[in-house]
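The values are calculated or read from the model by the stated rules, or taken from the named source; none is laboratory data. In this text, all values refer to a predicted model and were calculated from it rather than measured experimentally. Reconstructed Cβ throughout: ideal geometry from the backbone, glycine too, with neighbour counts over all protein chains shown.
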Amino acid sequence: MEASKGGNGVENGSSSEGRPPNPLAAAYRQCFSTSRVGASPCKKLVRHSSLVKTKVSSISVEPRLGVDVRETEFIPLLRSGAWADVGFRSSMEDVYLCVDNFMRDYGVKNINGPNAFYGVFDGHGGKHAADFACYHLPRFIVKDEDFPREIERAVASAFLQTDTAFAEACSLDAALASGTTALAALVIGSSLFVANAGDCRAVLCRRGKAIEMSRDHKPGCSQERKRIEASGGYVYDGYLNGQLNVARALGDWHMEELKGSSGGPLSAEPELKSTRLTEDDEFLIIGCDGIWDVFMSQNAVDFARRKLQEHNDPAMCSKDLVEEALKRKSGDNLAAVVVCFQSQPPPNLVAPRPRVHRSISAEGLKELQSFLDRLGIGNLRW
């Protein structure tokens, strides 16, 4: 995204190498201290008020799924890795998070089967919003009263809860003012859920084919333009109200006429997409827009697939993607997460050569017989 950039707060590599630290700015501590029980959503979380009577905006490639894992379903074996680089910027604001055992690491009990959380956060105007969202969004999800019974609603609510909590933090410390896009992917059993607010992107590789699991929220997109104009905003030269080059984001409460208590053209509500994973699903790529500025979705899948066939290491594959984006002169910070669903590398997809049935006409046979006669070979039986 267009902004100055700061360090990502997470070590590059696989998910086992650690998670980002708790943001410890004074306003963060004050916002979530036990002395402010009334303002602390971490004590007892409920769904965000805006979702109580409204339907979550969602798109789905397959019917909605429960969290139970049936014996006949494909059970993914999750392996993940990530990599980030400041790129050609002067500072770094991209942040990522990989948690292969989400429920255990965040204190949720009695959930069996695969469960994981992966996220990328692309900050702008500072790094505080990205750090804040990276730390708090997964916690809002697991503490929501609807989780994991109603995953999509709980995730959507968590996005809005995070946005509201950051607004309160900014009211206590104006130095935190900033914004971030956010994309979260959850694997629960054999189901994949992706929630996106902004221009990060998630792409699923299904037997070599790129399946986009999110939509880029750019102000110039016809859907987003309609929503923006209906909310009292406008798009100028591809920018929301002439200020921001994304149509959805968390934070940015300091930017005039973009957000307010009664709403505004800059939305923090995510779009959700879900699918049931099968044995044809090989891996998922999540990247900030610096990756997608130089990769088409199918191009990224083809590139990552070749790399995984070489080394079968999602962390190395993430690094490969980032380094290739640098070679292609991406002008932004770069962050990529690769999640593999199987233990083996992607198989070679060699299409079987079709059997060709050839025939010869009666006229052709006569001509061939005449030719053989001239050669003195004589009659042949056909």
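Between 204, 240, the distinction of being of a type in the set (A, V, I, L, M, F, W, C) and free of Cβ contacts under 8 Å to residues at least 60 places away in the same chain belongs to 240 only.
With respect to residue 190, determine if the residue is surrounded by 23 or more Cβ atoms within 10 Å (Cβ to Cβ) and either over 22 Å from residue 179 (Cα atoms) or small (Gly, Ala, Ser) (or both). For residue 190, the condition - surrounded by 23 or more Cβ atoms within 10 Å (Cβ to Cβ) and either over 22 Å from residue 179 (Cα atoms) or small (Gly, Ala, Ser) (or both) - is met. Checking each residue in region 202-246 for being under 30 Å from residue 348 (Cβ atoms) and not in a loop (DSSP other than H, G, I, E, B) picks out 202, 203, 204, 205, 206, 209, 210, 211, 212.
If I filter region 167-187 down to residues being of a type outside the set (A, V, I, L, M) and buried (at least 24 other Cβ atoms within 10 Å of the Cβ), which single residue comes out as nearest to residue 303 (Cα to Cα)? The qualifying residue nearest to residue 303 (Cα to Cα) is 181. Of all residues in region 259-284, those satisfying the criterion of being at pLDDT 95 or above and assigned to a loop (DSSP other than H, G, I, E, B) are 265, 266, 268, 269, 270, 277, 278, 279, 280. Put simply, of 121, 166, 159 the only residue that is under 30 Å from residue 238 (Cβ atoms), more than 18 Å from the chain's Cα centre (by Cα) and not polar (S, T, N, Q) is 166.
Among the residues of region 280-324, those identified as β-branched (Val, Ile, Thr) and within 15 Å of residue 213 (Cβ to Cβ) are 285, 286, 291, 301.
Which ones in region 77-133 are at positive phi and touching a residue at least 24 places away in the same chain (Cβ under 8 Å)? Selection gives 87, 107, 113, 125, 126. Residues that are surrounded by 24 or more Cβ atoms within 10 Å (Cβ to Cβ) and β-branched (Val, Ile, Thr) within region 134-166 comprise 141, 155, 162, listed in sequence order.
Taking region 176-201 only, how many residues are over 30 Å from residue 258 (Cβ atoms) and in a strand (DSSP E or B)? Don't jump to the end; show me each part of the working.
We begin by selecting, within region 176-201, every residue over 30 Å from residue 258 (Cβ atoms); these are 187-192.
Narrowing the set further to residues that are in a strand (DSSP E or B) leaves 187-188, 191-192.
Summing the residues that are over 30 Å from residue 258 (Cβ atoms) and in a strand (DSSP E or B) in region 176-201 gives 4.
For region 129-138, the criterion of being more than 29 Å from residue 220 (Cβ to Cβ), among the small types (Gly, Ala, Ser) and either touching a Leu at 6+ places or on another chain (Cβ under 7 Å) or not in a helix (DSSP H, G or I) (or both) is satisfied by no residue at all. If you go through region 295-341 and keep only what is closer than 20 Å to residue 77 by Cα, in a strand (DSSP E or B) and in contact with a Cys (Cβ under 7 Å, 6 or more places away or on another chain), you end up with 337, 338.
Given the structure, is residue 256 acidic (Asp, Glu), closer than 30 Å to residue 113 by Cβ and not in a helix (DSSP H, G or I)? First the steps, then the outcome.
On the way: acidic (Asp, Glu): yes; closer than 30 Å to residue 113 by Cβ: no; not in a helix (DSSP H, G or I): yes.
For residue 256, the condition - acidic (Asp, Glu), closer than 30 Å to residue 113 by Cβ and not in a helix (DSSP H, G or I) - is not met.
Annotation: of all residues in region 86-104 being more than 15 Å from residue 286 (Cα to Cα) and charged (D, E, K, R), the one that is modelled with the lowest pLDDT is 104.
For residues in region 347-373 being assigned to a loop (DSSP other than H, G, I, E, B), over 47 Å from the mean Cα position of the chain (by Cα) and at pLDDT 70 or above, which is farthest from residue 304 (Cα to Cα)? So the residue we want is 361.
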